[in-house]
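Quick notes on the structure that follows.
What follows is calculated from the coordinates using simple rules that are stated; it is not laboratory data. Because the structure is a prediction, the values reported are computed rather than measured. Quick reminder, even Gly has a Cβ in these numbers, built from the backbone with ideal geometry, and neighbours come from all protein chains shown.
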Amino acid sequence: MDKNLCKPSEYFKSNIYVDTMGPSAICLKAMIEMCGIDRVLFGTDFGPVPMSPKVHIDLVDDTITDAADRNKIFSTNALALLRLDSKSHEGPAGGMKRSTAQGRA
């Protein structure tokens, strides 16, 4: 009897989160295609190679054309995963506040 209710590839869209670690637009696009935009989180810890967070920010900004999708990667996906209230973390234009000390629930 098969215990899997879904194809193995379908679990990527429901059970796995990935981050934007690594300076590759090709990989970022592949992660979004495989896991879905709602499963991609912003990441900056690129292992043994020290890189400025700006490289990772620019990667997302340059690769993802839709502002709502960029906001998901930079903010709302992590807030949803951690079950935090996104309204208390929004800035004046509905985006993420720059200071994480402000607006904590």
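Here are some notes:
- Projected over all directions and averaged, the alpha-carbon convex hull of the range 16-89 occupies 5.1 nm².
- Exposure proxy ranking for 16, 73, based on other Cβ atoms within 10 angstrom of each Cβ and starting from the fewest, stands as 16, 73.
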